[in-house]
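Structure first, commentary second.
The values are calculated or read from the model by the stated rules, or taken from the named source; none is laboratory data. Just so we're clear, the structure is a prediction, and the values are computed from it rather than from any experiment. Please note: Cβ atoms are built from the backbone with ideal geometry, for glycine as well, and neighbour counts cover all protein chains shown. Note: areas computed on protein heavy atoms with side chains; ligands, DNA, RNA excluded. Shrake-Rupley method; radii C 1.70, N 1.55, O 1.52, S 1.80 Å.
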Amino acid sequence: MIQTLWDGFVQGALYAVVALGYTMVYGILMLINFAHGEVMMLGAYAGVVTLAGLAGSGAMASLGLPLCLCGAVLASMGVAACYGFVVERVAYRPLRGAGSLSPLISAIGVSIVLQNFVMLTQGNAPIYVPGADKAWQDALTGGWTAGPLSVQPTDALIVAVCVLLMAGLWLFVQKTRIGTAMRATSQDRVMARLVGIDVDRVISATFVIGSALAAVAGVLTSLLTMQAKFDMGFLLGMKAFVAAVLGGIGNIPGAMLGGLLLGLVEAAGIYGLRADYKDVYAFGLLLVVLIARPRGLLGERVAEKV
Amino acid sequence: MTAPLLELRSVSASYGPIRALKDVTLRVGRGEIVALIGANGAGKTSALMTISQIVRASAGDVLFDGRSILGMPPDRVTAAGICHVPEGRRIFARLTVEENLRMGAFLVRDAAVVAARMEAAFAVFPRLRERRMQTGGTLSGGEQQMLAIARALMLEPKLLLLDEPSLGLAPLIVRQIFDVVADLRRRGVTVLLVEQNARMALRLADRAYVLETGEIRREGPGAELLDDPAIREAYLGG
Ligand SMILES: Nc1ncnc2c1ncn2[C@@H]1O[C@H](COP(=O)(O)OP(=O)(O)OP(=O)(O)O)[C@@H](O)[C@H]1O
Ligand SMILES: [Mg+2]
């Protein structure tokens, strides 16, 4: 039982980090960025390809695994951030002010394009994390056991990184000038411009940050399954979106809470009921929460104009 | 003769088929307080919005400091020195009072300058200091108006656009707000003031324009319009 909940927590932390990207974009643009899951998948590919390259060239043996992982994560963040930036410029910015349906269709289009791009260039078979490498074997033999709970090094890494990312984003949004400008923009875009905020740059920054976060989650997900596949972004992206809606879309702590809750409920369902109904629990939870609280757990009423 | 700080030359603007401004020409000189009065729907808010470039003029030109700002992004207009306190105040409801002020000074990079200006704002509006950690949405209407003005002053603008600062406020607070505006004149800030409260606006203003269904109908010194029978009849309740 405790083991299952821990596994759910690990998965939930990943959902939460991806959900942040959905929620930040929605908070500012009222747009559901359906391509976000694919950006996560791209990040995973960039990370795994980097790792494979490092292992294949023998660099992993000399540099050590931790350094190589950092390199892979940075590479994937860079690639995904560029994609996020370009996608916003190409697919969403020209449609700003064109109602809410067109950007949504554009988002679905982008997600199909990204998926097919990866499938055509990387093949439709999964690519694998170089787990046979000696550095991996050494790292994976570790782990800690406490009573009924055994913690794998990968799991510990995932939780640590996700918690750090969430704390970092929270501090950024609450304490920095740009973070505060993001919150201001999401509350009143016209007023944000009137105080001198370049709203287009805030929007770009939101896409870049959200995409970089998703990329980290993508690499970590690949470490969990030791592979990346062109269609991994769909279901994971969907789950993260559910997490964002659960918590109250547009609300940053809500996305974190929603992600963790979703992971835990899935795990509890697997443990107590049937494992192959995992996705049913996720979407069932969404239904129940939305019936009780249509704006999500932490969603507030949109502040009325005074 | 030096160029006026702000000049609208035959500006027209519309929302789809609705014409909001027709051939509006007005000038605001350096250091002046100019009032823009008119009935509901006359186009006062639209006039300020075309100055800030939130609404695009369909014809004419808007000059600030002698240069056209037509089509400039609104944030660049603000950077050029025009701060706009919009109708309805538009406080960032979920930011604290202090964060609202910080956003007013978004374009100021020097933290020491921001801190000094915040102190100055609290000196003018002590009420805001007491509520600095409260979120904007929880302030009273009067406090929100104070915050809206203080937020705009954080940038030390050359020109302040004020859209109905007295709307929905008790007479005592209205006095206080008008005193602050009168004080701005002494500090050399130029003000374009839109008001429903025509009597107070005309008393305070050096000059005034009367807007009627999108067109300028009268202009003149505040005192002169205040004495004009037709203006008294239409805007001052006889
Ligand atoms: N966003 C908009 N879309 C369509 N029409 C608008 C819009 N904003 C204003 N209008 C119209 O433009 C005209 C001028 O409106 P504006 O708000 O400028 O008037 P106002 O003088 O500020 O009025 P009030 O004193 O009530 O604030 C009105 O007929 C109004 O209905
Ligand atoms: Mg108005």
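Out of residues 5 or more away from B:A20 or on other chains, whose amide H comes under 5 Å of its own, with H placed 1.01 Å from N in the peptide plane?
Hits under the 5 Å cutoff: B:A13, B:S14, B:Y15.
Report the dimensions of the stretch A:25-103 along its three principal axes from the alpha-carbon atoms, largest first, rounded to Å.
Principal axes ranked by extent give 54, 19, 15 Å for the Cα atoms.
Would the stretch A:1-156 count as rounded, prolate or oblate if I go by the C-alpha gyration tensor, calling it rounded below 1.5 in a/c and otherwise prolate when a/b exceeds b/c, oblate otherwise?
On the way: a/c = 2.73, a/b = 1.58, b/c = 1.73.
Here the stretch A:1-156 falls in the oblate category.
Considering just Cα atoms, how many Å³ per residue does the convex hull of the stretch B:120-238 enclose?
Values: hull volume 14.4 nm³, N = 119.
Dividing the Cα hull volume of the stretch B:120-238 by its residue count gives 121 Å³.
Please give the net charge around A:L5, taking every other residue with its beta carbon less than 14 angstrom from that of A:L5, where Lys and Arg add +1 and Asp and Glu add -1. Please list the in-between numbers first.
On the way: positive: none; negative: A:D7, A:D155, A:E266.
Value of the local net charge: -3.
For B:L5, what residues show an amide H to amide H distance below 5 Å, using hydrogens built from the backbone and excluding near sequence neighbours?
Hits under the 5 Å cutoff: B:V28, B:G29, B:R30.
How many nm separate the modelled label positions at A:V113 and A:C82, each set 7 Å beyond the Cα in the direction of the Cβ?
1.6 nm
By DSSP, what percent of the beta bridges with both residues in chain B are antiparallel, rounded to the nearest 5?
50 percent
Based on the Cα atoms of the stretch B:1-57, what semi-axes does the equivalent ellipsoid have, where each is the square root of 5 times one gyration tensor eigenvalue, given in whole Å with the largest first?
Working: eigenvalues 94, 32, 17 Å².
The equivalent ellipsoid of the stretch B:1-57 has semi-axes of 22, 13, 9 Å.
Restricting everything to alpha-carbon atoms, can you work out Rg to Rh for the stretch A:210-306 with a Kirkwood hydrodynamic radius? Please report the intermediate quantities before stating the final value.
Values: Rg = 14.9 Å, Rh = 14.5 Å.
Rg/Rh: 1.03.
Using Cα-Cα distances under 8 Å and only pairs 6 or more residues apart, what relative contact order does the stretch A:2-292 have, in percent?
40 percent
Looking only at A:Q122, A:Q174, A:Q137, which one moves most when chain A is put into a Gaussian network model with springs between Cα atoms under 10 Å?
A:Q137
Can you pull out the chymotrypsin sites (Phe, Trp or Tyr not before Pro) in the stretch A:234-306 whose DSSP state is coil and whose Cβ has at most 10 other Cβ atoms within 10 Å? List each step's numbers first, then the result.
Details: sites: A:F234, A:F241, A:Y271, A:Y277, A:Y281, A:F283; in loops: none.
Nothing satisfies the criteria.
For A:C82, tell me the accessible area in Å² from a 1.4 Å probe, rounded to the nearest 10.
80 Å²
Return the sequence-ordered ³J(HN,Hα) values of the stretch A:28-37 in whole Hz as given by the Karplus equation 6.51 cos²θ - 1.76 cosθ + 1.60 applied to θ = phi - 60°, using x for Gly and Pro.
Listing the rounded values in order: 9, 10, 6, 10, 8, 7, 5, 7, 4, x Hz.
If I model a spin label at A:V280 and A:L67 as a point 7 Å from the Cα along the Cα→Cβ vector, what separation in nanometres do I get?
5.1 nm
Skipping prolines and chain starts, which residues have an amide H placed within reach, meaning under 5 Å, of the one on B:L211, given they are 5 or more residues away or on another chain?
B:I37, B:G38, B:R217
List residues of the stretch B:118-149, by number, whose backbone nitrogen lies under 14 Å from a label position 7 Å along Cα→C-beta of B:D179.
Answer for this model: B:123-127.
Calculated FRET efficiency, A:Q3 and A:L287, Cβ-Cβ r, R0 30 Å, to nearest 0.05? Mind showing how you got there, number by number?
Details: r = 28 Å, r/R0 = 0.93.
Efficiency, from the Cβ-Cβ distance: 0.60.
With a sphere of radius 12 Å drawn around the Cβ of A:G179, what net charge do the other residues whose Cβ falls strictly inside it have (Lys, Arg +1; Asp, Glu -1)? Write down the numbers at each step before the final one.
On the way: positive: A:K175, A:R177, A:R183, B:R102; negative: B:E99.
Result for the neighbourhood of A:G179: +3.
How long are the semi-axes of the equivalent ellipsoid of chain A, defined as square roots of 5 times the Cα gyration tensor eigenvalues? Whole Å, largest first.
Numbers: eigenvalues 199, 112, 66 Å².
Ellipsoid semi-axes (Å, largest first): 32, 24, 18.
Provide a whole-number value for the mean count of partner chain Cβ atoms within 10 Å of the Cβ atoms in peptide A:170-180. Kindly include the intermediate steps, with their values, before the conclusion.
Values: counts 0, 0, 0, 0, 1, 0, 0, 8, 1, 0, 8.
Mean number of neighbouring Cβ atoms from other chains: 2.
Along the positive direction of the dipole of the protein assembly as shown (beta-carbon charges: Lys, Arg +1; Asp, Glu -1; about the Cα centre), which of B:V174, A:L223, B:A93 reaches farthest?
So the residue furthest toward the plus end is B:V174.
So, counting K/R as plus one and D/E as minus one, what does the shell of residues with Cβ under 9 Å around B:I33 add up to? Could you put the intermediate results ahead of the total?
Numbers: positive: B:R185, B:R207; negative: B:E32, B:D206.
Counting the neighbours of B:I33, the net charge comes to 0.
What translational D, rounded to a whole number of µm²/s, comes out for the protein assembly as shown from Stokes-Einstein when the hydrodynamic radius is the Kirkwood one over Cα pairs, at 10 °C and 1.306 mPa s? The partial results should precede the final answer.
Values: Rh = 26.1 Å.
D = 61 µm²/s.
So what's the projected area for chain B, the Cα convex hull averaged over all directions, in nm²? If you can, show how the numbers build up before the last one.
On the way: hull surface 51.9 nm².
Mean shadow area of the hull around the Cα atoms is 13.0 nm².
I need the phi-derived Karplus couplings for the stretch B:210-223: 6.51 cos²θ - 1.76 cosθ + 1.60, θ = phi - 60°, integer Hz, Gly and Pro marked x.
10, 9, 9, 5, x, 10, 6, 9, 9, 8, x, x, x, 4
Using the Karplus curve 6.51 cos²θ - 1.76 cosθ + 1.60 with θ = phi - 60°, work out ³J(HN,Hα) for each residue of the stretch B:128-141 in order, rounded to whole Hz, and write x for Gly and Pro.
5, 5, 4, 10, 4, 9, 7, 6, x, x, 8, 7, 6, x
By how many nm would the segment from B:T213 to B:L107 grow when fully extended, if each residue of separation counts as 0.36 nm and the alpha-carbon distance is taken off? It would help to have the intermediate numbers written out before the result.
Details: separation 106, 0.36 × 106 = 38.16 nm, distance 3.60 nm.
Full extension of this stretch gives 34.6 nm more.
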